[in-house]
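Every read-out reported here was derived from the displayed coordinates using simple, explicitly stated rules and does not represent laboratory data. All values reported here derive from a predicted model rather than from experimental measurement.
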Amino acid sequence: MRGLIAAIGLMIMTTTTAQADYVRVEAQGSVQEVSDRLVAAVENAGARVFARVPHSKGAASVDMALEDAELVIFGNPKLGTPALQADIHAGLVLPLRVLVYDDNGQTVLTYESIDALFDGMNIPADAPFRGAMSGALSKLTGAAAGS
C-alpha cells in the first residue's frame, strides 16, 4: 500500500512539473486571428515562420473532431545557431513552437519554457541566447494575444 501511495504521489508531482514547463497566454479573438497575429509579430521581429500546422484541419481530413488548434513553428538563426553550436541536440527542439488552440471557448497560446526545452542538454544556464529566446517568446505571444 505504501508503494502505491508513493507511486501516486510521484505521478502527481510529475504532472505538476510537466505543466509548469509550459507557458499559457490567454488571447483575444479566434484561433485563426491569433495565429495570424503571431505570424505577423514573428515576421515583424525579423524571424522566419517555417510552418503552420493546422491540427484541427488534419483531424477533419480523416473525419475526426478536434477543437480548433494550430501549431506555429518559427525561428531566428541568430538565436538558434548558438544553441546548436553549444549542443547539436538543440536541433531536436528548435525551431521554436507555439500552439494556438481553443480551450472551451478561450483562445490560448502555449509554448514550452526555454529551461524545459534545453533541459538535459549541454547548454549553459547563463547563455545569452536563452534569455533572448525566452524574451522573444513572451513578447511575440503577448503581441499575438492582443492584450
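Over the alpha carbons of the range 66-147, what is the largest minus smallest coordinate on each principal axis, giving the biggest first in Å?
That works out to 41, 26, 19 Å along the principal axes.
Let me know the Kirkwood hydrodynamic radius for the chain, please, with Cα pairs as the basis and the value in Å to one decimal. Working shown, then result.
Details: mean 1/r = 0.0600 Å⁻¹.
Evaluated over the chain, this radius sits at 16.7 Å.
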